[in-house]
1. Pull out all pairs, ordered by first then second residue, where Cβ-Cβ is under 7 Å, the residues are six or more apart or on different chains, the first lies in region 187-208 and is over 15 Å from Lys111 (Cα atoms) and touching a residue at least 60 places away in the same chain (Cβ under 8 Å), and the second is among the hydroxyl-bearing types (Ser, Thr, Tyr) and loosely packed, with under 12 Cβ neighbours inside 10 Å.
2. For region 108-144, which positions are in a strand (DSSP E or B), crowded, with 16+ Cβ neighbours inside 10 Å and at pLDDT 95 or above?
3. Determine, yes or no, whether Arg200 is modelled with pLDDT of 95 or more, in contact with a helix residue (DSSP H, G or I) (Cβ under 8 Å, 6 or more places away or on another chain) and surrounded by fewer than 18 Cβ atoms within 10 Å (Cβ to Cβ).
4. Look through region 172-197, keep the residues that are closer than 19 Å to Phe146 by Cα and of a type in the set (S, T, N, Q), and return whichever of them is surrounded by the most Cβ atoms within 10 Å (Cβ to Cβ).
5. Only residues that are hydrophobic (A, V, I, L, M, F, W, C), within 20 Å of the chain's Cα centre (by Cα) and not in a loop (DSSP other than H, G, I, E, B): list them for region 167-212, please.
6. Out of Gly160, Gly174, Gly194, Gly155, which single residue is of a type outside the set (S, T, N, Q) and farther than 30 Å from Gly96 by Cα?
7. Out of the residues in region 203-213 that are closer than 19 Å to Val151 by Cα and in contact with an Asp or Glu (Cβ under 7 Å, 6 or more places away or on another chain), state the one that is surrounded by the most Cβ atoms within 10 Å (Cβ to Cβ).
Amino acid sequence: MIVCVIAPICVYHLRSECILGRYNEFHKGLTMSTRGLFKGLQAIALVFMAIVGTAVQAAEAPDNNPAYRIGPEDVLQISVWKEEGLDKEVLVRPDGGMSFPLAGDMTVSGKTPKQVQEEIRRRIQRYIPEAVVTVAVNKVSGYSVFVIGQVKAPGQFTLGRYVDVMQALTLAGGMTPYASEADVKIQRRNPLTGEQNVYRFNFRDVKRGRGLDQNIVLHSGDVVVVP
């Protein structure tokens, strides 16, 4: 009798251990799968946040390598291939406009030569369907920046090349002893929309080699304000 009672108990015990072992294996596998899924979703979320952050940063940051934008009093050389009568040197008026045969009057200030080239091509294509237009800047007179406030030689500076904030401050003779070095501002107005943006510049940090991305390239018409 004792043997008969113990045998079923042993069988039951073995079956219980087998079921328990399979449950543990299943639970372990499920846990690992869940962890893997969570890590995968976490990685996707991090990538998405990085992409969005980069896009927002790119949208907010000023263009530090801008294409040249035409300004008043610039001299342009405009030609249409195989059309001798449409090869002309054109002066941009003080109001930012100019006139060209078949294209009429247009605003070019604030636009790149490529944009003006495309606009002229579009305007004259009904007269010359396969027109090949070239626009070049023969003389740069419209790139001017302004430096005002606590600098030794404030004023307007008309230049033949782009300058950054540090270079503009150098042209203005540097800051006076009363200048607030950490609170310099750059005011920029979009010539096409009139919208104005303000960029901060900490001269104290930049001269120590920190925050060098603040030392942006200035656009024509930018005003550097040194309080």
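1. Cβ pairs passing all conditions: none.
2. Applying the first criterion (in a strand (DSSP E or B)) to region 108-144 yields 133-139, 144.
Add one more test, that the residue is crowded, with 16+ Cβ neighbours inside 10 Å, and what stays is 133, 135, 137, 144.
Once the filter is applied, which keeps residues that are in a strand (DSSP E or B), crowded, with 16+ Cβ neighbours inside 10 Å and at pLDDT 95 or above, region 108-144 yields Val133, Val135.
3. Yes: the conditions hold for Arg200.
4. Across region 172-197, the extreme among qualifying residues is Gln187.
5. Within region 167-212, Ile186, Val198, Phe201, Leu212 qualify.
6. Checking each option against the conditions leaves just Gly174.
7. It comes out as Phe203.
The values are calculated or read from the model by the stated rules, or taken from the named source; none is laboratory data. Here the structure is a predicted model, which is why all the values come from computation and not from measurement. Here the Cβ is made from the backbone with ideal geometry for all residues, glycine too, and neighbour counts use every protein chain on show.
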